[in-house]
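Visitor: What follows is a structure written as structure tokens; I'll ask about it next.
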Amino acid sequence: MTQQVIDKKEAIYQAAIKLLNERGFHSTPMSLIAKEANVAAGTIYLYFKNKEEMLNKLYLEIKEKYSNSLMKGYLENMPVRDAFELVWRNSLDFKLKRGAEFSVMEQFKNSPFIKKVTVEEGFKIFSPIIKLVERAKREKIVKDYPDTIFHALFFAPVGELVKTHVLQKTEFTEEEKKLAFLGCWDAVKN
């Protein structure tokens, strides 16, 4: 892929993120995304067959960025608890610093535009996290909850905390971060 293609696709993704946050899925036509991205309306169709394909690829792009950010600084030989705190804090940092992408990721959760195959591909992107959780279960450091329950207790609260702080326009203090992590950790640790 040439740099020009990468730049145009990134412009389209950024325009879509902005507009999806402002208008939602149903009120964001491809023509408006093209206009916001400063590309010709036909150009967008060189990269994507239709809106559904563009949204599915955007979903995976955001998931990839999120997954990569979660594992930043992770070493396989880290103590499990330290690894979980790192991943948890990385999740918090991503959601605080990349609020627009986080907000779109939240919209995707219940979107009829996202195909089952895309959701499955999204799970593959998170394989490093899945391996960490499996290791912790195998070593009996965390409870052997089904993945959906584990996620709801450990990872989902991060998003809820971020949404609360954003809505209330409050600073997330270091003390709050420590307390929140400990609450999530206590919910899953053995």
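Visitor: Considering only residues that are aliphatic (A, V, I, L, M) and surrounded by 15 or more Cβ atoms within 10 Å (Cβ to Cβ), look in the range 39-56 and name the one that is nearest to the chain's Cα centre (by Cα). Break it down into steps so the answer makes sense when it comes.
Guide: Taking the range 39-56 first, the residues aliphatic (A, V, I, L, M) are 39-41, 44, 46, 54-55.
If we keep only those that are surrounded by 15 or more Cβ atoms within 10 Å (Cβ to Cβ) too, we end up with 39, 44, 54-55.
Values: VAL39: 26, ILE44: 24, MET54: 17, LEU55: 14 Å.
Per the stated criteria, the residue is LEU55.
Visitor: Condition test on VAL142, is it out of contact with any strand residue (DSSP E or B) (no Cβ under 7 Å at 6 or more places or on another chain) and touching a residue at least 12 places away in the same chain (Cβ under 8 Å)?
Guide: On the way: out of contact with any strand residue (DSSP E or B) (no Cβ under 7 Å at 6 or more places or on another chain): no; touching a residue at least 12 places away in the same chain (Cβ under 8 Å): yes.
So VAL142 fails the test.
Visitor: Return a yes/no flag: does the range 115-128 have any residue that is part of a helix (DSSP H, G or I), surrounded by 15 or more Cβ atoms within 10 Å (Cβ to Cβ) and either of a type in the set (S, T, N, Q) or touching a Pro at 6+ places or on another chain (Cβ under 6 Å) (or both).
Guide: Yes - at least one qualifying residue is present in the range 115-128.
Visitor: Which number in (1) buried (at least 17 other Cβ atoms within 10 Å of the Cβ); (2) over 20 Å from the mean Cα position of the chain (by Cα); (3) in the same structural domain as THR164 (by TED's automatic domain parsing); (4) farther than 27 Å from GLU174 by Cβ marks the one condition that GLU36 misses?
Guide: Looking at each condition in turn, GLU36 falls short on (3).
The values are calculated or read from the model by the stated rules, or taken from the named source; none is laboratory data. What you see is a predicted model; the values in this text were computed from it and never measured. As a convention, Cβ positions derive from the backbone with ideal geometry for all residues, glycine included, and neighbour counts pool all protein chains shown.
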